[in-house]
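Below is one structure; the comments refer to it alone.
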Amino acid sequence: MLTTVRADIDLTALRRNLAVASELAGGARVLAVLKADAYGHGLTAAAAGLSADADAFAVARLDEALTLREAGIGNRLVLLGTLLDEGELRQCGQLDIDVVVHDPKTCARIRSLRGTHLRVWLKLDSGMHRLGLPPAAFAQAHRDLRDCPAVTQLLHMSHFASADEPDKPYTTQQLQCFEQLRRQLGAESVALSQANSAALIDRPESRADWVRPGIMLYGANPFGAGHPLALTAVMRLRANILALRDIPAGDPVGYGGDWVAPRPSRIATVGIGYGDGYPRHARNGTPVAVGEHIASLVGRVSMDSITVDVTGVPAVAIGDEVELWGTRVPVSEVARCAGTISYALLTGVTPRVPRRYHDARDATDSTADGAV
Ligand SMILES: *Cc1c(COP(=O)(O)O)cnc(C)c1O
């Protein structure tokens with residue numbers, strides 16, 4: 001049977017990118033971020049691929065952490081910003097899951113726990129104003145948790161708002177905010193984590209004790225496809241050409257006839273659309289790799305198909321495979337053409353796209369249907 005659409009996931013590339021992150025981290029430890037189904041790559045497969053190399057994993061939801069433990073992943077796990085009731089806090093203690101505390105109520109709940117032991121990452125809102133305690137409340141929570149018998153280790157963390165915009169001074173302000181507060185608290189020796197991928201790449205002074213790379217592990221550079229840091233795409237999204245037709249100059253293509261052929265054109269219809277997670281707002285000219293060539297998306301993206309201008313591309317045939325993003329077309333470039341970010345594209349690949357896993361380490365390729 002001809003395949004239609006698939007995402008090939010290269011776990012060797014995932015490990016290679018982790019090695020790049022570890023190298024940049026210097027002496028800092030690496031918390032590999034696996035939230036949102038490992039950015040759409042498959043949570044347990046990604047964790048298994050990285051478990052020997054990552055110091056710890058971070059996820060966003062308790063369910064994700066439980067899934068990893070059920071799959072036998074024994075690495076240190078950090079549950080990023082969520083709200084946990086007493087039972088869930090106990091569950092985290094039992095399963096050795098570190099929790100992030102960003103609100104006073106959870107702090108109070110931890111203080112009243114008996115017979116449970118937890119590692120706690122206390123989160124400061126150093127300026128992003130999304131999650132985290134403001135400085136005064138952070139100082140209070142720090143004092144409360146430092147002496148709390150339920151807390152086996154207290155760590156500090158915060159998150160940057162603009163680390164992917166190199167020229168903005170805001171990251172410096174956020175760094176200074178935390179530094180000043182830790183000095184006031186006499187807590188400079190408490191383990192600290194601030195850097196996401198962008199800060200890890202661009203702000204060496206933010207690396208501290210733990211770094212938290214996410215997007216770069218999957219091979220997407222937060223500074224765009226032109227940045228020199230060598231990362232390898234982990235996901236290759238491919239689909240087949242379902243139809244080919246030649247149209248005269250002046251004929252429109254697709255819904256609404258938004259694109260009109262400027263010259264006699266050969267149009268390939270490819271079996272992938274927004275129902276698979278290809279971005280509906282990708283504009284005319286978005287790159288698509290066809291054989292050795294880079295062709296252009298033309299016309300509106302449909303639910304199950306797109307149209308690609310393959311005029312002048314030699315030897316194109318029905319059934320041929322094209323790459324929508326991966327090793328030839330950077331996902332960040334497709335994102336740019338669609339007015340979005342690589343994170344949204346990778347996490348947006350829908351369950352009907354089968355994932356196939358490849359790992360040079362054990363040379364046993366496996367196939368899994370849907371989101372793993
Ligand atoms: C998602 C996330 C990260 C990883 O960010 P990237 O930009 O993907 O590197 C790090 N820390 C927190 C708190 C996050 O939510």
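The values are calculated or read from the model by the stated rules, or taken from the named source; none is laboratory data. Since we're looking at a predicted model, the values are computed, not measured. With ideal geometry, Cβ positions are generated from the backbone for all residues, glycine too; neighbour counts draw on all protein chains shown. What goes into the accessible areas is simple: the full protein's heavy atoms, side chains included, and nothing from ligands, DNA or RNA. Shrake-Rupley method; radii C 1.70, N 1.55, O 1.52, S 1.80 Å.
At-a-glance table
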item	result
Test result for GLU323, among the acidic types (Asp, Glu), assigned to a strand (DSSP E or B), modelled with pLDDT of 95 or more and buried (at least 16 other Cβ atoms within 10 Å of the Cβ)	yes
Filter result for the condition that a residue is in contact (Cβ under 8 Å) with a residue 12 or more places away in the chain, of a type in the set (Ser, Thr, Tyr), in a strand (DSSP E or B) and surrounded by fewer than 22 Cβ atoms within 10 Å (Cβ to Cβ), over SER302, SER296	SER296
All positions within the stretch 257-288 that are touching a residue at least 60 places away in the same chain (Cβ under 8 Å), surrounded by 17 or more Cβ atoms within 10 Å (Cβ to Cβ) and part of a helix (DSSP H, G or I)	ASP276
Test: residue in the stretch 23-44 that is more than 16 Å from the ligand (Cβ to nearest atom) and within 19 Å of the chain's Cα centre (by Cα)	yes
Residues satisfying the stated conditions in the stretch 349-363, i.e. open to solvent by 90 Å² or more (accessible area, probe 1.4 Å) and modelled with pLDDT under 95	ARG361
Check on VAL372, surrounded by 17 or more Cβ atoms within 10 Å (Cβ to Cβ), of a type outside the set (S, T, N, Q) and modelled with pLDDT under 95	yes
Some residue of the stretch 269-282 being more than 23 Å from the chain's Cα centre (by Cα) and farther than 29 Å from ALA45 by Cα	yes
Of residues in the stretch 43-53 being more than 16 Å from ILE215 (Cβ to Cβ) and in contact (Cβ under 8 Å) with a residue 12 or more places away in the chain, the one surrounded by the most Cβ atoms within 10 Å (Cβ to Cβ)	GLY49
Answer residue from the stretch 15-32, given it is open to solvent by 10 Å² or more (accessible area, probe 1.4 Å) and not charged (D, E, K, R) and is nearest to THR82 (Cα to Cα) among those	ALA28
Within the stretch 61-158, helices (runs of 4 or more DSSP H) holding 1 or more residues that are acidic (Asp, Glu), over 28 Å from THR171 (Cα atoms) and within 16 Å of the ligand (Cβ to nearest atom)	62-70
Residue that is surrounded by 18 or more Cβ atoms within 10 Å (Cβ to Cβ), within 12 Å of the ligand (Cβ to nearest atom) and over 19 Å from VAL100 (Cα atoms), where the choices are ALA239, ALA199, ALA195, ALA233	ALA199
Residue count for the stretch 248-276, restricted to those that are on the phi > 0 side of the Ramachandran plot and out of contact with any strand residue (DSSP E or B) (no Cβ under 8 Å at 6 or more places or on another chain)	2
Criterion violated by ASP96 - all others in (1) under 27 Å from GLU70 (Cα atoms); (2) open to solvent by 60 Å² or more (accessible area, probe 1.4 Å); (3) touching an Asp or Glu at 6+ places or on another chain (Cβ under 9 Å) satisfied	(3)
Residue among ASP246, ASP251 that is more than 19 Å from ALA344 (Cα to Cα) and in contact with a Lys or Arg (Cβ under 6 Å, 6 or more places away or on another chain)	ASP246
The stretch 113-170, residues that are in contact (Cβ under 8 Å) with a residue 12 or more places away in the chain, within 27 Å of TYR343 (Cα to Cα) and polar (S, T, N, Q)	SER126, SER158
Residues of the stretch 202-221 classified as more than 9 Å from the ligand (Cβ to nearest atom), open to solvent by less than 10 Å² (accessible area, probe 1.4 Å) and small (Gly, Ala, Ser), total	1
Some residue of the stretch 333-345 being under 19 Å from the mean Cα position of the chain (by Cα), β-branched (Val, Ile, Thr), assigned to a loop (DSSP other than H, G, I, E, B) and more than 16 Å from the ligand (Cβ to nearest atom)	no
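Per-residue answers, yes or no, for (1) hydrophobic (A, V, I, L, M, F, W, C); (2) touching a Leu at 6+ places or on another chain (Cβ under 6 Å); (3) at pLDDT below 95:
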| position | (1), (2), (3) |
| --- | --- |
| THR82 | no, no, yes |
| GLY87 | no, no, no |
| ASP96 | no, no, no |
| ILE110 | yes, no, no |
| LEU118 | yes, no, no |
| TRP121 | yes, yes, no |
| ALA137 | yes, no, no |
